[in-house]
1. More than 15 Å from the chain's Cα centre (by Cα) and crowded, with 22+ Cβ neighbours inside 10 Å, is that true of ASN212?
2. I'm checking my understanding of the structure. Among residues of the range 133-144 that are in contact with a helix residue (DSSP H, G or I) (Cβ under 8 Å, 6 or more places away or on another chain) and open to solvent by 10 Å² or more (accessible area, probe 1.4 Å), which one is farthest from ASN108 (Cα to Cα)?
3. Under 6 Å between Cβ atoms, which residue pairs at least 6 apart in sequence (or on different chains) link something in the range 403-427 that is farther than 18 Å from ALA328 by Cβ with a partner that is part of a helix (DSSP H, G or I)?
4. Every residue in the range 184-208 that is farther than 14 Å from LEU240 by Cα and either crowded, with 16+ Cβ neighbours inside 10 Å or of a type in the set (Phe, Trp, Tyr) (or both), please.
5. Tally up the residues in the range 205-236 that are part of a helix (DSSP H, G or I) and either free of Cβ contacts under 8 Å to residues at least 60 places away in the same chain or in contact with a His (Cβ under 8 Å, 6 or more places away or on another chain) (or both), please.
6. On the basis of being of a type outside the set (Gly, Ala, Ser) and either crowded, with 16+ Cβ neighbours inside 10 Å or more than 23 Å from ALA299 (Cα to Cα) (or both), does PHE402 make the cut?
7. Of the residues that make up the range 382-395, is at least one within 22 Å of LEU317 (Cβ to Cβ), in contact with a strand residue (DSSP E or B) (Cβ under 7 Å, 6 or more places away or on another chain), open to solvent by less than 10 Å² (accessible area, probe 1.4 Å) and not β-branched (Val, Ile, Thr)?
8. List pairs: first in the range 127-146 and at positive phi, second among the acidic types (Asp, Glu), Cβ under 7 Å, 6+ apart or cross-chain?
Amino acid sequence: MILRSAAMSSSSSRSALSALLRRNALGRRQRRRHLPAVPLPLPLPLVLRSHSSAAAASSGSAWQPRRLEERRDRPRDCDYDHDHDRDRRPPIADEPDYDTLGPTSRLNLFTAINSAMRTAMRTDPSAIVFGEDVGFGGVFRCSQDLLEEFGRDRVFNTPLSENGIAGMAVGYASAGGTAIAEIQFADYIFPAFDQIVNEMAKFRFRSGNQWNCGGVTLRTPCGAVGHGALYHSQSPEAYLAHTPGIVVVMPRGPRCAKGLLLSSIRSKDPVVFLEPKILYRSAVEEVPDADYEIPLGKAEIVRTGSDVTIVGWGAQLRTLQATCDLAAREGVSCELIDLRTILPWDSECVVSSVRKTGKLIVSHEAPLTCGFGAEVVATLQQECFFHLEAPIQRVCGYDTPFGLVFEQFYLPDEKKNLDAIRRVMDYSK
C-alpha cells in the first residue's frame, strides 16, 4: 500500500518505482542465466514430452493427448460410449468363466498384480506406471521387470510425495492417458487426500461432464502384515468410501486381484485399489494367463449357507473362511460374501442373503467405530428389519492405534468371529 500510494502521488515517484521493478526483473533474469542446469532425475512422462507430428506419423503408435477443442464435443450424460471417453471398454456385467480362459499359472498376489499391469500396458499404449521405487519393482516387487519391457517413458520413479503422485495421475488422466500410480503404503495415502477428494473425485462433476480423470488407478498396499505396527498396518477403506466420485476395491486373492485390477484400470471412473499386503506372498492360486476382467460393484458369494450371513473383504476373507469351517463342525451353515468393491458396494447381494438366513455378521480389520461395516449394518437393518432373527454383529479391529506387540490381540481372528456366530445362533434356540 505504501508503494502504491507513493506511485500515485507524483510522476517522479512512478518513474522511480518503474525503474526499481525493471532492475529487479533484470537481476532475476541474470541470476537465472548463471544458474547451473539441473538435469531432471526422472524421464518425463508421455504427456509432458513433445512429439513431432512426423515422428508420430512414422511410428504409427505414438499416443498423443487430445486437444481441448477435440474434447469439447463429449456427451453431457454419464453414459460414455466407446468412441468418446478415452477408448475405454464398457463396464463388465458378468463374472468370467474361468474354465474357458485357457492356460493358468500358479501366482501369488504380487505376481498377479504384475501380470495385470503388464497386460494393461500391452493393450493400452497410453498406460504408464509410476510411484516411489517402482522402477526397480517396488518394495513388494509388484512392478518387477516392467521397466525393462516398457522403458523409462512408461515406468518411472517419483519423489516421495504422495500428493504429487496423485496430482500427476489426475493431470495425466485428464489429458486422456491411463495412469497406474502406486502409493507405497496405504498409511501414507493421507497427504494425497486433497488430490483424491477434491480433484480426482470431483473432476467430472464440477466440469458438467465435459472432462474427467477416469483413467486414474491408485494402487496401494494396506492392512496388517505381522510386524507393520502403527504406520504400516492401517486399513483406510472407510475414509475413502466416504468420497462420492471414486471407486474403492480390495481383492481377497490373486485370481480376483488380476481381474479386478484390469477392470479398475479400464474403468471410466477413478479407482483406489487397496492390496492386502499380507497376501502378496502368502496367497497363491491358479490364475488364468488370459486377459480377463471381473465386474466392479458386484460381490461374490464365496460359500453358500442357510443359517448365518458373514460379510467381509480383503485379507479378512481368509480368517472368515477358516471360521466357517469351524462353525460347520458345530452344525452351523454359513454363507460367506466377499464384497470385493467397497464403493459402490453390492447391497442387493447381501440383502438377498440376509433375507434367507435372518442373521448377519460383518468383519473387517479396520477399527470398529465408523468402519465400513457400520454402513453395511445400517443398510441391512433398514432393508431386512422384519427378516432379522438376531442382532447384527460386527467383529472388527479395536478403536486404538495399531500396536506392534498387540497385533495378535487387535485382529478380529477366527475365535472372535466364531463367538459372534454362536451369539446369533443362540437366538434361534
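The values are calculated or read from the model by the stated rules, or taken from the named source; none is laboratory data. Just so it is clear, the structure is predicted and the values come from calculations on it, not from any experiment. Don't worry about glycine lacking a Cβ; one is built from the backbone with ideal geometry, like all the others, and counts go over all protein chains shown. When the accessible area is computed, the model is the full protein with side chains, heavy atoms only, and any ligands, DNA or RNA have been set aside. Shrake-Rupley method; radii C 1.70, N 1.55, O 1.52, S 1.80 Å.
1. It is true that ASN212 is more than 15 Å from the chain's Cα centre (by Cα) and crowded, with 22+ Cβ neighbours inside 10 Å.
2. Among them, the one singled out is GLY135.
3. Note: pairs meeting the criteria are LEU404/ALA229.
4. Within the range 184-208, GLN184, PHE185, PHE203, ARG204, PHE205 qualify.
5. In the first step, residues of the range 205-236 are kept if they are part of a helix (DSSP H, G or I); the result is 205-206, 229-231.
Next cut, either free of Cβ contacts under 8 Å to residues at least 60 places away in the same chain or in contact with a His (Cβ under 8 Å, 6 or more places away or on another chain) (or both) only: 205-206, 231.
Number of matching residues: 3.
6. Details: of a type outside the set (Gly, Ala, Ser): yes; either crowded, with 16+ Cβ neighbours inside 10 Å or more than 23 Å from ALA299 (Cα to Cα) (or both): yes.
Yes.
7. No, every residue in the range 382-395 fails to be within 22 Å of LEU317 (Cβ to Cβ), in contact with a strand residue (DSSP E or B) (Cβ under 7 Å, 6 or more places away or on another chain), open to solvent by less than 10 Å² (accessible area, probe 1.4 Å) and not β-branched (Val, Ile, Thr).
8. GLY131/GLU182; GLY138/GLU182
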